[in-house]
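The values are calculated or read from the model by the stated rules, or taken from the named source; none is laboratory data. Keep in mind that this is a model prediction, so the values were computed, not measured. Cβ: placed from backbone, ideal geometry, glycine included. Neighbour counts: every protein chain shown. Surface accessibility is based on the protein's heavy atoms, side chains included, excluding ligands, DNA and RNA. Shrake-Rupley method; radii C 1.70, N 1.55, O 1.52, S 1.80 Å.
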Amino acid sequence: MIKKELMVVTKHEKIAEHIFQLTLQGELVLEMGNPGQFVHLKVSEGSTPLLRRPISISEINKDKKQFTMIYRAEGAGTQLLSKKVVENVVDVLGPLGNGFPIDSVESGQIALLVGGGIGVPPLLELSRQLVAKGVKVQHVLGFQTNNAVFLEEEFAKLGTTIITTDDGSYGYKGFVTDAIKDHNLQFDTMFTCGPTPMLRALEKLHGQKPLFLSLEERMGCGVGACFACVCHTGDDPTGTSYKKVCSDGPVFKAGEVVL
Amino acid sequence: MLDINLPGLSLKNPIMPASGCFGFGREYSKFYDLSQLGSIMIKASTQEPRFGNPTPRVAETEAGMLNAIGLQNPGVHKVISEELAWLEQYDVPIIANVAGSQIEDYVYVAEKISQANNVHALELNISCPNVKTGGIAFGTIPEVAAQLTKAVKEVSAVPVYVKLSPNVANIVEMAKAIEDAGADGLTMINTLIGMRLGLKTGKPVIANKTGGLSGPAIKPVAIRMIYEVSQAVSIPIIGMGGVQNVDDVIEFLYAGASAVAVGTANFVNPFVCPEIIEQLPARLNELGFEHVTECIGRSWKADAKTAHYSS
Ligand SMILES: Cc1cc2nc3c(=O)[nH]c(=O)nc-3n(C[C@H](O)[C@H](O)[C@H](O)COP(=O)(O)OP(=O)(O)OC[C@H]3O[C@@H](n4cnc5c(N)ncnc54)[C@H](O)[C@@H]3O)c2cc1C
Ligand SMILES: Cc1cc2nc3c(=O)[nH]c(=O)nc-3n(C[C@H](O)[C@H](O)[C@H](O)COP(=O)(O)O)c2cc1C
Ligand code: FES
């Protein structure tokens, strides 16, 4: 069930250039399920900024009633969020959307997890849950440059992890798609989250295999009421059928929606 | 203390979600019992299904947001057979928002939707462009708005409220023309046309270029317009525009609104409507009112009294 709760900051730190890791505690964690779901945060009490900010869930710890998210502090809202300190509260609406379908891979199969930039965080909990299920995981994580890289160790503990940077300042130089080809990575199912051009390229190259993509779209309500976040469906003879990224997604099967 | 009677609408309280900010209620029904609401102004229905505008369709502004959703809806027939039928499980009278691009579209939708069991009133969205007069919004020319109102009144099985657009030079003239054409009530205000440009791109941040501004930023405009119009017409007004809390509601009533709709605030706090409904009696008590109707038009009623005594 979706809840709104003032959750308490238990940990908040900078983990890379402009990148923050925030852990929050509260009852809402008990409602969290599949990785890939997100929360909608109100970063200020007043009207500026007015709207909530969608941020993916990166790790879930139900025992401690804590979850972690990782975000890039860039615009007005995320910069305000980055000022929160331990014991402050954050107004959280969630969990929202449908996450990655863990059931689509079986124990013993291989899952390839491909993340781009700030699309990397939701893959961490996904990887953990897949490993717990007996799935073999491989990761290709793309970043712009050296000091933007984060979570490498955490992913490396779970399975093979290839880091790519656009400028070659760390790891493999080039796009995630090239790294997959060069390393001749084999997989049964691919899960991916990142910028739309990256998702498009992956869909084009690997769409014939089971492939699940997590999309980003500008949001108003985050719950399906405002129709801000709609996209066309893949099979749409009338031009009027749609999916809402917030409530039907953000994770879709390749081909389900037009990227 | 909160009940109020308006044409077609016998409301348990004067609070309702504004059209386009609540879908057809399904999403918010997961948060609370919709029967608590005074009414629900459902999302605009058009004759044919509409996908709406390309994304991004929303952008944030200082204390507000721009939207150019583009009236996405499944078409009036599906709205009746699926959405309104679903809403029948709740004890709440529905106000159906009607849109179109020419008079015939409105007439078609109004005739059909006004016959649904739970639709107790229509709200005409006259901010849509009139194709026949070359894409100018119905709501910007009093004669055109009056013509539309008359045509819809003829076919509607329930009272007709017309939703005024604030994007006009003379809102009172518009309101009077619509009242004279036979409207049973007014709802106001719709969004203000606005634009934002991206710093890096130099280009409009929403795909449609312009969008409708809503949220707390537009509240003073709404209050001013309701204050002016409510003194000039004798049909009731449902007020909206930036309402966020119980005090905003009282300010709208003071300005001359008889009921109040909450729009953008639902996105920020999904519980805003039931919270306001719960807080309203205590706030009215604190301010010395026994019934919510005593607040209506207090701003200008008080002015009138002062003027009388001083003359
Ligand atoms: C489902 C989903 C999950 C996301 N998960 C993460 C995550 O885990 N970590 C992370 O850093 N970012 C994530 N994002 C992107 C994040 O929501 C935006 O970076 C953030 O809203 C920017 O807010 P701001 O105040 O810094 O920017 P501003 O530019 O000040 O924001 C202005 C408006 O634009 C919206 N906006 C700006 N950028 C985006 C964007 N990329 N996507 C959607 N809306 C945007 C804001 O929400 C706000 O309404 C996610 C987005 C979505 C849709
Ligand atoms: C996302 C969005 C969609 C809207 N859709 C409609 C609509 O379909 N019909 C309509 O008459 N008004 C529509 N409106 C206008 C609102 O009903 C309301 O008049 C306006 O937003 C001002 O109120 P607010 O500031 O409380 O949001 C929409 C507003 C928003 C923000
Ligand atoms: S953000 Fe409102 S429908 Fe998706």
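From its DSSP helices (H runs of at least four residues, each -39,500 (n - 2.57)), chain B gives a residue-normalised ellipticity at 222 nm of -9000 deg cm²/dmol.
The charge dipole of the protein assembly as shown, taken about its Cα centre with unit charges on the Cβ atoms of Lys, Arg (+1), Asp and Glu (-1) only, comes to about 880 debye. Burial annotation for segment A:196-218: residues with an accessible-area loss of at least 30 Å² between the isolated chain and the complete set of protein chains, computed on heavy atoms with a 1.4 Å probe, are A:217, A:218.
Measuring between their Cα centroids, segment A:88-139 and segment B:104-168 lie 49 Å from each other. The peptide list B:208-216, B:80-88, put in order of mean Cβ contacts within 10 Å with the highest first, becomes B:208-216, B:80-88.
Interface burial in segment B:270-293 reaches 10 Å² or more for B:270, B:271, comparing the full protein assembly with the chain by itself; accessible area from heavy atoms with a 1.4 Å probe.
By a 1.4 Å probe calculation restricted to protein chains, residue A:170 has an accessible surface near 80 Å², given to the nearest 10. Bridging of residue A:181 to aspartates and glutamates at a Cα separation below 17 Å is possible for A:166, A:203, once same-chain residues fewer than 8 apart are set aside.
Solvent-accessible surface (1.4 Å probe) assigned to residue A:103 amounts to roughly 130 Å².
Comparing B:286, B:154, B:251 in a Gaussian network model of chain B, where Cα atoms under 10 Å apart are tied by springs, the biggest mean-square fluctuation is seen for B:286.
Summing both sides, the accessible surface hidden between B and A at a 1.4 Å probe radius is close to 2600 Å².
Quote the charge dipole size of chain A about the Cα centre in Debye, to the nearest 20; the model charges only the Cβ of Lys and Arg (+1) and of Asp and Glu (-1). Around 280 debye, computed over chain A.
Rounded to the nearest 5, the antiparallel percentage of DSSP beta bridges internal to the protein assembly as shown is 55%. In segment A:34-73, the residues whose accessible area drops by at least 50 square angstrom when the other protein chains are added to the isolated chain are A:47, A:50, A:51; the probe is 1.4 Å and only protein heavy atoms count. For residue B:209, a cut-off of 15 angstrom between C-alpha atoms picks up these aspartates and glutamates, skipping any fewer than 8 places away in its own chain: B:60.
In summary, the aspartates and glutamates within cross-link reach of residue B:301, defined as a Cα separation below 18 angstrom excluding same-chain residues under 8 places away, comprise B:228, B:251, B:290. Dipole check for segment A:1-152: with +1 at the C-beta of Lys and Arg, -1 at the C-beta of Asp and Glu, and the Cα centre as origin, the magnitude is about 120 Debye.
Which of A:4/A:133; A:157/A:253; B:163/B:219; A:83/A:244; A:4/B:43; A:62/A:133 have a Cα-Cα distance over 20 Å?
Exceeds cut-off: A:4/A:133; A:157/A:253; A:83/A:244; A:4/B:43.
Restricting to bridges with both residues inside chain A, how much of the DSSP beta-bridge set is antiparallel, in percent to the nearest 5? Roughly 60 percent of the DSSP beta bridges within chain A come out antiparallel.
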